[in-house]
1. Mind ranking 44-53, 191-200 by how tightly packed they are, going by the mean number of other C-beta atoms within 10 angstrom, highest first?
2. At 0.36 nm per residue, minus the direct Cα-Cα distance, what do Ala21 and Gln100 gain on full extension? Give it in nm, one decimal, please.
3. Over 16 Å, how big is the tail of the calculated P(r) for region 191-242, in percent of all Cα pairs?
4. Treat every Asp and Glu Cβ in region 64-219 as -1 and every Lys and Arg Cβ as +1, leave all other atoms uncharged, and give the resulting dipole magnitude about the Cα centre to the nearest 20 debye.
5. What length, rounded to one decimal in nm, is gained on full extension from Arg158 through to Arg174, with 0.36 nm per residue of separation minus their alpha-carbon distance?
6. Which Cα, out of His235, Thr152, Ser124, lies furthest along the positive dipole direction of region 89-239 (beta carbon charges, K/R +1, D/E -1)?
7. Give me the distance in nm between label points sitting 7 Å out from Cα along the Cα-to-Cβ direction at Arg108 and Cys134, one decimal.
Amino acid sequence: MRNFGGIPAGVRRIEETRFIASYDRSTGKVGPLDNGNRFVMEFDPQGHLLTSTDRGHYAYDAAGRLRSIDGAPVDWEGADTWVVHGASRREAWKEQVRVQGDHLEWTRRTIAGGNGPHRRRPGSLQARRFDDECFALSRQWDAPNEARQVVTADGKVRAAPKVVSYRTFSSVERKPDGGRVVRDDGAAAFIDGQWLPLAWDNEVAEYSPRHELTRVTRTDAATGERHVSEYHYRHDSRGNVVRVVITSPGAPGERIDPFANVFVRKLTYYDPAPGARPADGPLTSAR
């Protein structure tokens, strides 16, 4: 449940490229970076998402309410509930947003699964719960379980169905300097009519006062090994992130995460205001 920070106000277009190199576990050697997977998002002056590489085009009515997603019509059932129909109308899902105090909860429930290769079963639920700064406090989703088993928090192996519902939980510490520390508080799987605590790789994610992710410590549930990744940023003259490099420090007692060493993330924010040129300064850890 990592959060790379919000989108700066006034941004009209974002281009993101993720470069990942090949890694040979037997030799420990890292290959060359690939050409990168490119994602593009465009926004209108009011901040509405207009297009995204993975979801297609978004259309809105005169009042600013979402009307369709990549041609699939959206039917509103209330101020905070809507139904999206797939292009063939064989797939449909209901989304809802609830605000409870300082928390926001988003849910998506499949009504009809459609015929695509990644179709979801009717009734499957996705849910997210966020605090007032958009840090995720909980997450729920359904996922295939090819092993047909799970390992519970007491170390026992339990039989599981081929599709399992999972939940994860987190807490947020607000530091005096404006930084944040997000800690995983465990996970559970819905087996035989009850939620069972799982043996889970817990993470501690640290954020700068700018709310940029700076460090993640993941503790392996099976071995107790700690894997650390650090995030280093380059900003343009307006303070927007234009590049993220992920490294692994490998301090005493910590295992190097091989995939962190070969992952480069580039974010380019297009702001209509003048002077938004990338700076040539060194990467920083955003601390």
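1. Working: 44-53: 12.7, 191-200: 14.3.
Per-residue mean Cβ counts within 10 Å order the peptides as 191-200, 44-53.
2. Numbers: separation 79, 0.36 × 79 = 28.44 nm, distance 4.28 nm.
Going from the current span to full extension adds 24.2 nm.
3. Working: 789 of 1326 pairs.
Distances greater than 16 Å cover 60 percent of the Cα pairs.
4. Numbers: 26 positive and 23 negative charges, 122 e Å.
It works out to roughly 580 debye.
5. Details: separation 16, 0.36 × 16 = 5.76 nm, distance 3.70 nm.
Once the chain is fully extended between Arg158 and Arg174, it gains 2.1 nm.
6. Going by the Cα projections, it comes out as Ser124.
7. Each label point lies 7 Å from its Cα, and together they span 1.6 nm.
A short reminder: the numbers here are calculations on the coordinates, not readings from a lab. The structure displayed is predicted, hence computed values, not measured ones. Note that we place each Cβ from the backbone using ideal geometry, even for glycine, and neighbour counts take in every protein chain shown.
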